[in-house]
Amino acid sequence: MYRIGFGIDFHQLVAGRQLWIGGVNIPHHKGALGHSDADVLLHAICDALLGALALGDIGIHFPNTDPAYKDIDSKILLQHTYTLIKAKNYRVVNVDSSICLEAPKIKKYSGEMRKVIASILEITEEDVSVKATTTEQMGFVGREEGLVAYANVLLQKI
């Protein structure tokens, strides 16, 4: 039996914060604003995993009102989410994701992101796709006010 999940996440970009995407710290003059480290890609993947098994969303499991998650590393959130998936006797087959931002360009970081995600989800790097695009300077992403990540996952019953 297979289950498909979709996740999406948005964060504002602001000065004075680090930019974490896919578990990788990317040098930039702006970072994502959020209660945790605001890793938009890992959050989208968490939501995709949770959605595939109808387990709610990241806000239910890691509420931004809980001080325990203040500035938490989103790799920990993804690991916890994956533990929930394994407890339901599913495994990840693959992840397909896209990040939408004007700057910085992330192509040189995507390999490391794939490695981080694959390691946490116990799959190979070849089973993780990380793509990036811009909005051609349109909207809040185009004005570099924020970024968006989308993720799809395929799960298989063990």
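The values are calculated or read from the model by the stated rules, or taken from the named source; none is laboratory data. From a predicted model like this one, the values you see are computed outputs, not experimental measurements. Reconstructed Cβ throughout: ideal geometry from the backbone, glycine too, with neighbour counts over all protein chains shown. Surface areas here come from the heavy atoms of the whole protein model, side chains and all, with no ligands, DNA or RNA. Shrake-Rupley method; radii C 1.70, N 1.55, O 1.52, S 1.80 Å.
Based on Cα contacts under 8 Å between residues 6+ apart, the chain shows a relative contact order of 33 percent. Given their separation in residues at 0.36 nm each and the Cα-Cα distance between them, SER129 and MET1 gain 43.8 nm when the chain is fully extended. Remark: the stretch 139-152, residue by residue, has Karplus-estimated 3J(HN,Hα) of x, 5, 5, x, 7, 6, 8, x, 9, 9, 10, 10, 8, 10 Hz, where x stands for each Gly or Pro and the curve is 6.51 cos²θ - 1.76 cosθ + 1.60 at θ = phi - 60°.
Counting only DSSP beta bridges whose two residues both lie in the chain, roughly 80 percent are antiparallel. Restricting the stretch 1-92 to trypsin sites (Lys or Arg not before Pro) that sit in a DSSP loop and have at most 15 other Cβ atoms within 10 Å of their own Cβ leaves LYS70, LYS88.
May I ask you to give the percent of accessible area on the chain that is carbon plus sulfur, with a probe radius of 1.4 Å? Walk me through the numbers before you get to the answer.
Details: 4170 of 7670 Å².
Its accessible area is 54 percent carbon and sulfur atoms.
Compared with the direct C-alpha span, the chain from ALA87 to GLN12 gains 23.7 nm at full extension, assuming 0.36 nm per residue. In this structure, the pairs whose alpha-carbon distance is over 29 Å, taken from LYS30/LYS157; LYS75/LYS157; LYS75/LYS105; LYS108/LYS157; LYS30/LYS88; LYS107/LYS157, are LYS30/LYS157; LYS108/LYS157; LYS30/LYS88; LYS107/LYS157. For the chain, the dipole from Cβ point charges (+1 on Lys and Arg, -1 on Asp and Glu) about the Cα centre works out to 280 debye, to the nearest 20.
Taking all protein chains into account, the per residue accessible area for the chain stands at 49 Å² (1.4 Å probe). Projecting the Cα atoms of ILE58, MET138, GLY111 onto the dipole axis of the chain, where Lys and Arg carry +1 and Asp and Glu carry -1 at the beta carbon, places GLY111 farthest toward the positive end. Coupling constants for the stretch 3-11 follow from the phi torsions by the Karplus curve (6.51 cos²θ - 1.76 cosθ + 1.60, θ = phi - 60°), and in residue order they are 9, 10, x, 10, x, 9, 8, 10, 8 Hz; glycine and proline get x. Between HIS80 and LYS115, the modelled labels are 2.7 nm apart [label points 7 Å from Cα along Cα→Cβ].
For ALA132, nonlocal amide neighbours, meaning residues 5 or more places apart or on other chains whose placed amide H falls under 5 Å from its own, are ILE99.
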